[in-house]
1. Convert each backbone phi in the stretch 58-74 into a coupling constant with the Karplus relation 6.51 cos²θ - 1.76 cosθ + 1.60 (shift: θ = phi - 60°), then list the ³J(HN,Hα) values in order as whole Hz, x for Gly and Pro.
2. About the Cα centre of the chain, how large is the charge dipole given +1 on each Lys and Arg Cβ and -1 on each Asp and Glu Cβ? Please answer in debye to the nearest 20.
3. Can you find, among Phe47, His68, Ala97, the residue sitting farthest towards the positive end of the charge dipole of the chain, where Lys and Arg contribute +1 and Asp and Glu -1 at Cβ?
4. For the chain, take the longest principal axis of its alpha carbons; what is the angle in degrees between that and the long axis of helix 6-16, to the nearest 10 within 0 to 90?
5. If amide H atoms are built 1.01 Å from N in the plane of the peptide, which residues on other chains or at least 5 residues away come under 5 Å of the amide H of Leu92?
6. Using 7 Å Cα-to-Cβ label points, what is the Ser113/Ala76 separation (nm, one decimal)?
7. Whole-Hz Karplus ³J(HN,Hα) for the stretch 95-106, in order, using 6.51 cos²θ - 1.76 cosθ + 1.60 and θ = phi - 60°, x for Gly and Pro?
8. Top mean-square fluctuation among Thr18, Thr108, Thr78, Gaussian network model of the chain, C-alpha springs under 10 Å?
Amino acid sequence: MATGSEKLDQIVERLKGTADPKRRYEYVLWLAKKLQPLPEEFRNDAFKVKGCVSQVYVVGQLVDGKLHWQGDSDAAITKGLLALLIEGLEGLDPAAAADIDPGFLSETGLQASLTPSRANGFLNILKMMQAQASALAAG
């Protein structure tokens with residue numbers, strides 16, 4: 001299943017090829033560590049992901065027609081899932097980001113290791129990023 005994002009496809013392939021759930025978690029935590037710190041001015045309700053147990057913020061900006069993302073979470077795994085989406089949706093045009101089918105999540109094998117609230121949070125982060133992408137496209 002191609003997502004419409006080459007980067008996201010690569011991440012999905014990497015996770016799919018990992019049989020050990022612990023290794024998948026380590027990869028997600030590694031992604032979390034690579035995430036740039038989020039400037040304080042973005043830590044407000046406008047950028048807060050609703051429906052997440054932990055505090056999650058995500059900010060999309062349009063530069064020369066391409067999306068650039070920033071974000072943060074106070075929970076390590078959630079931050080890793082956010083980082084996965086940020087890396088996967090970085091540099092896309094808004095229409096491509098808005099069209100990504102959340103079905104790719106089941107292909108990663110992460111769902112089996114995530115609590116239902118985390119899996120739901122992951123979807124909520126994606127939905128918020130897609131909503132921001134659509135809003136940025138509309139100008």
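1. Working through the residues one at a time gives 9, 10, x, 10, 9, 10, 6, x, 10, 7, 10, 10, 9, x, 6, 8, 8 Hz.
2. Using only the charged Cβ atoms, the result is roughly 460 debye.
3. Phe47
4. 20 degrees
5. Excluding prolines and chain starts, which carry no amide H, the hits are Leu67.
6. Placing both labels 7 Å along Cα→Cβ, they lie 1.2 nm apart.
7. 5, 5, 5, 5, 8, 5, 7, x, x, 4, 4, 5
8. Thr18
Where a number appears in this text, it was derived from the coordinates with a stated rule and is not lab data. These numbers come from a predicted model, not from an experiment. Glycine also receives a Cβ, built like all others from the backbone with ideal geometry; neighbour counts cover every protein chain displayed.
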